[in-house]
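What follows is one structure encoded as structure tokens, with my remarks underneath.
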Amino acid sequence: MSLIVQKYGGTSVGTLQRIRNVAARAVAAHRAGHRVVVTVSAMSGETNRLVALVDELSGGNYSQREYDVVVATGEQVSIGLLAIAIEGLGVPARSYQGWQVRFVTDSVHAKARILDVEAANILADLDQGRIVVVAGFQGVDANGAVTTLGRGGSDTSAVALAAALNADFCDIYTDVDGVYTTDPRVVPKARKLERVSYEEMLEMASLGAKVLQTRSVELAKKYKVPVRVLSSLEEGTGTLLTEEDELMEQVVVSAIAFNRDEAKITVLGVPDKPGVAAMIFGTLADANINVDMIVQNISAQSGDTDVTFTVAKGEYKQALAVLKDPVAAMGAKNLLGDPDIAKVSVVGVGMRSHSGVAQRMFKALSRDNINIRMISTSEIKISVVIDEKYMELAVRSLHEAFELDKDAGDRVRD
Ligand code: ADP
Ligand code: ASP
Ligand code: MG
């Protein structure tokens, strides 16, 4: 008998008919003899609707604590409905919200991190033959305040729960039938990956492939949770997240990821002296704003530096606001912003042992006349920032340049 955690995303519970479908799947696994815990998101569109209510009411100026109180409610509806649907099929079920489980988190509202999962009540329910239904996305901090885990956070709830329960599988059911070489909605010729290493998936997720929330992959890697990504609407083998092996290393580039959710900020003409970077990035860290790419350039003539970096679009205005005074006090010449950018990345563990990837990437972009504004690399990825309007074109040309529409064995290496 296995213990399986199943997670269903918003589209998969988007209508009552789909909730019945999820109930039937959970019941089938239960009747096959497994112990089944189901984690669900809010019905599709619901979290967006709740976020929009907060924005409209407040004009964007609100307490993060109360934002979490509002946006966490979507999942309360879906767990209750799913538990009712499961019981309608003759199997006892019980639903739990995040604070009832308990998913203990830090107090960084809207992007809280899970510190501990206390799941004794879930195990007791499973012992009594129930299917347990758990709200994704929600947690509770040390003060008892409701927290949420960031958009897409129910993936992380599911993996954290699977780790805490030592589950045999964590099955993430979604509206695609696995992880692809890139988003199949942008490149219809994208291919499904049978297996993907934790490390590649971690890069893909953090570089924008929203099929899994980044934090969920971090936890899966850390606790070696066997995660499968599957379709909730059709049968299939999906994609398995697993440890890296030799076969994977032979493929130079495995996937293309992209992210339109970033904005670029430049601090122009900062006096070149120690403490400047600490000041800029310290100010952002104090405001809990994450910085992604950073480039610093020193002008040989003036001796000033320009510091350019990217932040999430949602934090762009706040970043400009908190930097305004400190940047002026530092004697910088200007503070500029550009929200109309996108980041496109090529990812593959094979890059560790193969050269020429950057050249091939830059050539493909230049063939399409796409200007590169920033570049960053790590051992297994290369990212470029370009104008947002060229993003889909760039993804398609890179997918073609690295022959990702072909079987790995049929690709020409140069
Ligand atoms: P859910 O609501 O089930 O959590 P999401 O919308 O969060 O679903 O994630 C699934 C979506 O991720 C897909 O519909 C697809 O458009 C997108 N996606 C982005 N990159 C990839 C990729 N490499 N492989 C598969 N899907 C991807
Ligand atoms: N409902 C939340 C969201 O829309 C969490 C999730 O879907 O994973 O972000
Ligand atoms: Mg999701």
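How big is the charge dipole of the chain about its Cα centre, in debye rounded to the nearest 20, if each Lys and Arg gets +1 on its Cβ and each Asp and Glu gets -1 on its Cβ?
In total the dipole reaches around 360 debye.
For a label point 7 angstrom out from the Cα of Arg260 toward its Cβ, which stretches of the range 178-196 have the backbone nitrogen within less than 14 Å?
Residues passing the 14 Å test: 183, 185-187.
Provide Rg over Rh for the range 372-414; use the alpha carbon set for both Rg and the Kirkwood Rh (inverse mean inverse pair distance).
Result for the range 372-414 is an Rg/Rh of 1.04.
Over the range 248-311, what is the relative contact order in percent, taking alpha-carbon pairs closer than 8 angstrom and at least six residues apart?
With pairs under 8 Å counted, the relative contact order is 42 percent.
Taking 0.36 nm per residue of sequence separation and subtracting the Cα-Cα distance, how much length would be gained by fully extending the chain between Ile372 and Asp106, in nm to one decimal?
Gain on extension, Ile372 to Asp106, equals 92.0 nm.
Over its Cα atoms, what ratio of radius of gyration to 2.2 N^0.38 Å does the range 176-229 give?
Against the empirical 2.2 N^0.38 Å value, I get 1.08 for the range 176-229.
How high is the relative contact order of the chain, given as a whole-number percent (alpha carbon pairs under 8 Å, six or more residues apart)?
13 percent
Rounded, prolate or oblate, given the Cα gyration tensor of the range 216-264, with a/c below 1.5 counting as rounded?
Rounded, because the longest to shortest axis ratio a/c is under 1.5.
Where Rh denotes the Kirkwood radius from the mean inverse Cα pair distance, what is Rg over Rh for the range 337-414?
Computed over Cα atoms, the ratio is 0.97.
Rounded, prolate or oblate: which fits the chain, taking a ≥ b ≥ c as square roots of the Cα gyration tensor eigenvalues, rounded meaning a/c under 1.5, else prolate when a/b beats b/c?
oblate
Past 31 Å, Cα to Cα: identify those pairs from Lys324/Lys389; Lys313/Lys406; Lys189/Lys221; Lys111/Lys389, in the order given.
Working: Lys324/Lys389 28 Å; Lys313/Lys406 34 Å; Lys189/Lys221 29 Å; Lys111/Lys389 29 Å.
In this structure, Lys313/Lys406 lie more than 31 Å apart at Cα.
Add -39500 (n - 2.57) for each DSSP H run of 4 or more in the chain, then divide by its residues: what number comes out at 222 nm, to the nearest 500 deg cm²/dmol?
-10500 deg cm²/dmol
Just to verify a number: FRET efficiency for Asp405 and Ala328, C-beta to C-beta distance, R0 = 35 Å, to 0.05?
Plugging the Cβ-Cβ distance into 1/(1 + (r/R0)^6) gives 0.10.
Quick check: convex hull of the Cα atoms in the range 134-261, volume per residue, rounded to a whole Å³?
Roughly 122 Å³ of hull volume per residue.
Kirkwood hydrodynamic radius for the range 315-381: how many Å is it when counted over pairs of different Cα atoms?
15.2 Å
Report the one residue of Val91, Val186, Ala160 whose Cα lies farthest in the direction of the positive end of the charge dipole of the range 90-230 (charges on C-beta: Lys and Arg +1, Asp and Glu -1; origin at the Cα centre).
Value: Val186.
If contacts are Cα pairs under 8 angstrom and at least 6 residues apart, what is the relative contact order of the range 308-414 in percent?
27 percent
Each label point is 7 Å from the Cα along the Cα-to-Cβ direction; what then is the distance between the points at Asp55 and Glu235, in nm?
Distance between label points: 4.2 nm.
In whole Å, how far is the Cα centre of the range 296-327 from that of the range 366-414?
Centre-to-centre distance over Cα atoms comes out at 27 Å.
Could you compute how fast the range 96-208 diffuses translationally, taking Rh as the Kirkwood radius over C-alpha pairs and applying Stokes-Einstein at 10 °C with viscosity 1.306 mPa s? Give it in µm² per second.
After rounding, the answer is 101 µm²/s.
Could you list His34, His399 so that the one with the fewest beta carbons within 10 Å of its beta carbon is first and the one with the most is last? All intermediate terms of the calculation are to be shown ahead of the outcome.
Values: His34 20, His399 23.
Least crowded to most crowded, the residues run His34, His399.
If you keep only loop residues by DSSP, which GluC sites (Glu not before Pro) in the range 362-405 have at most 12 other Cβ atoms within 10 Å of their Cβ? The partial results should precede the final answer.
Values: sites: Glu379, Glu388, Glu392, Glu400, Glu403; in loops: Glu379, Glu403.
Of the GluC sites (Glu not before Pro), the ones in loops of the range 362-405 whose Cβ has at most 12 other Cβ atoms within 10 Å are Glu379.
Roughly how many nanometres apart are two label points built 7 Å out from the Cα toward the Cβ at Glu244 and Gln17?
A separation of 4.5 nm, rounded to one decimal place.
What's the extension gain from Lys189 to Ala300 if we count 0.36 nm per residue and subtract their Cα-Cα distance?
35.3 nm
Please report, for the Cα atoms of the range 260-401, the Rg to one decimal and the Dmax as a whole number; what are they, in angstrom?
16.5, 48
If you take the square roots of the eigenvalues of the alpha-carbon gyration tensor of the range 1-149 and sort them as a ≥ b ≥ c, do you get rounded (a/c under 1.5), prolate (a/b over b/c) or oblate?
Oblate, because a/c is 1.5 or more while a/b does not exceed b/c.
No value in this document is a laboratory result; all are computed from the given coordinates. These numbers were taken from a predicted model, which means no experiment stands behind them. Note: ideal-geometry Cβ built from the backbone for every residue, glycine included; neighbour counts use all protein chains shown.
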